[in-house]
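The structure appears below as structure tokens.
No value in this document is a laboratory result; all are computed from the given coordinates. Quantities reported herein were computed from a predicted structural model and do not represent experimental measurements. Glycine also receives a Cβ, built like all others from the backbone with ideal geometry; neighbour counts cover every protein chain displayed.
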Amino acid sequence: DTEVTQTPKHLVMGMTNKKSLKCEQHMGHRAMYWYKQKAKKPPELMFVYSYEKLSINESVPSRFSPECPNSSLLNLHLHALQPEDSALYLCASSSSPPGAAYNEQFFGPGTRLTVL
Amino acid sequence: KQEVTQIPAALSVPEGENLVLNCSFTDSAIYNLQWFRQDPGKGLTSLLLIQSSQREQTSGRLNASLDKSSGRSTLYIAASQPGDSATYLCAVAPQGGSEKLVFGKGMKLTVNP
């Protein structure tokens, strides 16, 4: 199994809602990532979990809250988002944490988030 | 600060052509370079990863080369097909400091039947 899965595929939420994005991988990877991608732009890193511990937080607003319940799962909890947070949210995983010579990242299909 | 550039931003070619996609980076201190493709509204698909000690990698009709000293990588696509139409991104994993991938802005490829 060489797949990263993400649910839901699409999400529409109001600015007062609380929702969660989910990501799962069964490749035994020990690093998992959240990226945000706006239209016609490359992905921007938000968070990195290495061995289930948060290792990188790219100064993301607190209305985004990551969680790594176990080595296969990664969640992104959303609360009080703004319309400018509308984007494609991508999850990725790699066998080793950042900083390794071989650190191929595998991406999921993404969740298209729209904030009204 | 590492910067990655992909020129041109878009390319349209007839089916069957052999293609060379370019990627340049400003700092040679990298762990690896990775090529991805992205279809509209979809996630990124990893195509090839070249470690800093390697010169090239091949997968099917794709061949990627890395010249660290000149800060360049090329992705060669043989006998292009309409199904190759997508946006191609390269990304480097820089050594030291922030260890996040640095992406180019991508190149949108259209292969016309």
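What distance in nm separates the two pseudo spin-label positions at A:THR7 and B:GLU56, each 7 Å out from Cα along the beta-carbon direction?
4.4 nm
In Å and from the alpha-carbon atoms only, list the Rg and Dmax of chain A.
Rg then Dmax for chain A, in Å: 13.5, 43.
In the stretch A:26-116, what chymotrypsin sites (Phe, Trp or Tyr not before Pro) fall in a loop by DSSP, with at most 14 other Cβ atoms inside 10 Å?
Sites meeting the loop and neighbour criteria: A:TYR51, A:TYR102.
Kirkwood-based Rg over Rh for chain B (C-alpha set), two decimals?
Values: Rg = 13.6 Å, Rh = 14.1 Å.
On the Cα set of chain B, Rg over Rh gives 0.96.
Where does each of A:SER72, A:SER62 land when they are ranked from fewest to most other beta-carbon atoms within 10 angstrom?
Ascending Cβ contact count within 10 Å gives the list A:SER62, A:SER72.
Evaluate the relative contact order of chain A (contact order divided by residue number), counting alpha-carbon pairs under 8 angstrom at least 6 apart; express in whole percent.
36 percent
Taking chain B as a Gaussian network, where each spring joins two C-alpha atoms under 10 Å apart, which residue of B:LYS42, B:LYS100, B:LYS68 fluctuates the most?
Among B:LYS42, B:LYS100, B:LYS68, the largest mean-square fluctuation in the Gaussian network model of chain B belongs to B:LYS42.
What are the aspartates and glutamates whose alpha-carbon lies under 13 Å from the alpha-carbon of A:LYS36, with same-chain residues fewer than 8 places away excluded?
In chain and number order, the partners are A:GLU44, A:GLU58, A:GLU84, A:ASP85.
How much net charge surrounds B:SER85 when only the other residues with a Cβ under 9 Å from the Cβ of B:SER85 are counted, with Lys and Arg +1 and Asp and Glu -1?
Around B:SER85, the charge tally is -1.
Whole Å is fine, so just give me how far the alpha carbon centre of the stretch A:37-61 lies from that of the stretch B:36-113.
For the stretch A:37-61 versus the stretch B:36-113, the Cα centre distance is 21 Å.
Based on Cα positions only, what radius of gyration and what Dmax would you give for the stretch B:1-47, in angstroms?
My reading of the Cα-based Rg and Dmax gives 13.3, 38 Å.
With N denoting the number of residues in the protein assembly as shown, provide Rg(C-alpha) divided by 2.2 N^0.38 Å, to two decimal places. Intermediate results must be reported in sequence, preceding the final value.
On the way: Rg = 17.6 Å, N = 229, 2.2 N^0.38 = 17.3 Å.
In units of the globular-protein estimate, the protein assembly as shown measures up at 1.02.
Please state the charge dipole magnitude for the stretch A:39-78, taken about the Cα centre, from unit charges on C-beta atoms (+1 on K and R, -1 on D and E), reported in debye and rounded to the nearest 20. The partial results should precede the final answer.
Values: 4 positive and 4 negative charges, 37 e Å.
That gives a dipole near 180 debye.
Considering only A:GLY108, A:GLY14, A:SER94, whose Cα is most displaced toward the positive end of the charge dipole of the protein assembly as shown, charges sitting on Cβ of Lys, Arg (+1) and Asp, Glu (-1)?
Checking the options against the dipole of the protein assembly as shown, the answer is A:GLY14.
Any idea how many Lys pairs in chain B come in under 23 angstrom at the alpha carbon, given 8 or more places apart or on separate chains?
Eligible lysine pairs with Cα atoms under 23 Å apart amount to 8.
Placing unit charges on C-beta atoms (Lys and Arg positive, Asp and Glu negative, everything else neutral), compute the dipole magnitude of chain A about its Cα centre in debye, rounded to 20.
360 debye
Mean-square fluctuation check for chain A, GNM, Cα pairs under 10 Å: which of A:MET15, A:MET46, A:MET32 is largest?
Result: A:MET15 has the largest fluctuation of those listed.
Would you look at the GNM of chain B, springs on alpha carbons closer than 10 Å, and say which of B:GLY71, B:GLY96, B:GLY41 moves the most?
B:GLY41
Evaluate the relative contact order of chain B (contact order divided by residue number), counting alpha-carbon pairs under 8 angstrom at least 6 apart; express in whole percent.
So the answer I get is 37 percent.
Where nothing but the Cβ of Lys and Arg (+1) and of Asp and Glu (-1) is charged, how large is the charge dipole of the protein assembly as shown around its Cα centre, in debye to the nearest 20?
That gives the protein assembly as shown a dipole magnitude of about 460 debye.
Say the dipole of the protein assembly as shown comes from +1 at the beta carbon of Lys and Arg and -1 at that of Asp and Glu; which of B:PHE25, A:ASN57, B:GLN6 then lies farthest toward its positive end?
The listed residue farthest towards the positive side: A:ASN57.
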